Structure formats: structure tokens, C-alpha cells
Amino acid sequence: MSATPPPRHPKAPPIPPHPGLDILEDEVVWAQRFALQRVRFRYTRFDGAPSGILTWELWRRGQGVLVLPYDPATDRVALIEQFRLPALSAGMAPVMTECPAGLLEAGEDAEASARRELAEETGLTARAMAPIGRFMLMQGGCDEVVHFFCGQVDLSAGNATTHGLVSENEETRVLTLPAEDAFRLVAENRIENAPAALSLMWLQLNRARLRAEWIPSA
């Protein structure tokens, strides 16, 4: 009598059906905090012909959030610095300058999650939140979808502090700087992660509108 297979990892459901997609094999090969799925499949090419058989490893991370803290009154932003092992393995400086970010808890609203991550990683509280957009970070190998926000915060005190969840051995250092200086970091390729660069470029385009909306009229 064959044994009952274990339940699938909650982050690795079967690939959903799609017109022209033929799933030949769908297997969870790693199931810890995240899951790694190995999928053999064919898809229909643009000319209507079936593709050859592909085998892809799919890293299942689920949904995440990111927030760029911005103070319209002082025209300053808050970024964080954090040790990143993947950056070191890629031959880059392991301490990256980034935006507060994290994963959604089960059933959690994206904006609520962004406010939580902002508080955990910077100690800041958002007075208002502006949606930036929803983006995939590694569409060639990972299913993670991240909801980007810009949060209105008070940076008048500087907030040069360290934060992070002790339970996760997390340490983040807050870096507060004028918006123009942050934009210059992007222009000089000194922000080396795409989410922070994208968020700062969005702010550069929308800064005047946000200041008009978030600063009360005299």
C-alpha cells in the first residue's frame, strides 16, 4: 500500500492552468521557510507551435511589500543599510542601501504590512501612504510580487538609529538624507538594488505632487 504523500508547502501550490500551457511534472523539491518547485512544461509559442520541453526551478516566496519613507516638509528620505549575504556572494559590497521591506503575513493587507515593516525596520510611523505599484523582482525564477508604497513620515529629528526584529537576528541602520542626494545615489549607480532605485526614481517624478498633497496649505 503506497504512503500518502505529505501536504504541499503552502507557498507552492500547483501551477494554475493557462491556455497553451502543458504541465508535464510539478514537484516540490525543497520545503522549508520557502519552497523550491521543479516544473517540466511546454507552452505555445507566438507562432502557435508547441515549445520544446523546459525544466525550470521556481522559487516560491509569495507576496512582499516595500515602503520608501519620505518627509515632504524637510524634503528628506530615510533608507536603511543592512547586511546581505547574496550581495557578498555576487561579488558586491554586503551592506546594501535599500528601502524597508518584507513579506506579507497570511491574510495580511499590503498597506498594513508596509506600515508594520516600516515600524520594525526604521522605528517610523507613516502618516499617509501612496501606492507606487506592484512589481515582480525576478520573473525568470521566482514568483515574488512586491507591493511598493511611499510613506509620509517625520524626519525632522534625523532618526539615525538601528532597528530590526531580534527574533530574526535582523539589524537595520537608518540613513536619512535629502531627497536630491538620494536621487544622486541612483544616478551614480551607488544604489545597487533595483527596488530602492525604482522607488527613488518614482519619487523623483512624483515629489512635487506629493508635497502639494501632504503639506497642509498655510
Checklist entry - How much length, in nm to one decimal, is gained on full extension between Gln63 and Ser156, taken as 0.36 nm per residue of separation minus their Cα-Cα distance? => result 30.3 nm
Checklist entry - What's the FRET efficiency of Asp181 with Arg33 using the Cβ-Cβ distance as r and R₀ = 30 Å, to the nearest 0.05? => result 0.25
Checklist entry - Tally Lys and Arg at +1 and Asp and Glu at -1 over the other residues with C-beta under 14 Å from the C-beta of Ala128: what net charge comes out? => result 0
Checklist outcome for this item: Each label sits 7 Å from Cα toward the beta-carbon; between Leu88 and Asp75 the label points are separated, in nm, by 3.9
Checklist outcome for this item: The percentage of the accessible area of the stretch 63-214 (probe 1.4 Å, all protein chains present) made up of carbon and sulfur atoms, to the nearest whole number, is 52
Checklist outcome for this item: Of the candidate values (i) 16.7; (ii) 17.4; (iii) 19.6, the one computed for Kirkwood radius over Cα pairs in Å from this structure is (iii)
Next on the checklist: Can I get the semi-axes of the stretch 19-81's equivalent ellipsoid? Compute them from the C-alpha gyration tensor as square roots of 5 times the eigenvalues, in angstrom, largest first.
Outcome noted: 41, 19, 8
Checklist outcome for this item: Simple spin-label estimate for Arg190/Thr44, 7 Å along Cα→Cβ, in nm, reads 5.2
Checklist outcome for this item: In a Gaussian network model of the chain with springs linking alpha carbons closer than 10 Å, the residue among Gly64, Gly151, Gly20 that fluctuates most is Gly20
Next on the checklist: So with the 1.4 Å probe, I'd like the accessible area per residue for the stretch 21-60, rounded to whole Å².
Outcome noted: 71
Item to check | Expected 222 nm ellipticity per residue - DSSP helices of 4 or more, -39500 (n - 2.57), all of the chain, to 500 | outcome: -7000 deg cm²/dmol
Checklist entry - Which order do Phe135, Phe149 take when ranked by solvent-accessible area (1.4 Å probe, heavy atoms of all protein chains), largest first? => result Phe135, Phe149
Checklist entry - Is any residue of the stretch 65-82 close enough, with backbone N under 14 Å, to a label point placed 7 angstrom from the Cα of Gln139 along the Cα-Cβ axis, and if so, which? => result none
Checklist entry - Among Leu66, Ala212, Thr55, whose Cα lies farthest out toward the positive end of the dipole of the chain, if unit charges sit on the beta carbon of Lys, Arg (+1) and Asp, Glu (-1)? => result Thr55
Checklist entry - Averaged per residue, what accessible surface does the stretch 120-218 expose to a 1.4 Å probe, in Å²? => result 56
Checklist outcome for this item: With label points set 7 Å from each Cα along the Cα-to-Cβ direction at Leu54 and Glu213, the distance between them in nm comes to 3.7
Checklist entry - In whole Å, how far is the Cα centre of the stretch 22-48 from that of the stretch 173-198? => result 36
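The values are calculated or read from the model by the stated rules, or taken from the named source; none is laboratory data. Every value quoted in this text rests on a predicted model; they were computed, and no experiment measured them. Backbone-built Cβ (ideal geometry, glycine too); neighbour counts: all protein chains shown. These accessible areas exclude ligands, DNA and RNA; they are computed on the full protein's heavy atoms, side chains included. Shrake-Rupley method; radii C 1.70, N 1.55, O 1.52, S 1.80 Å.
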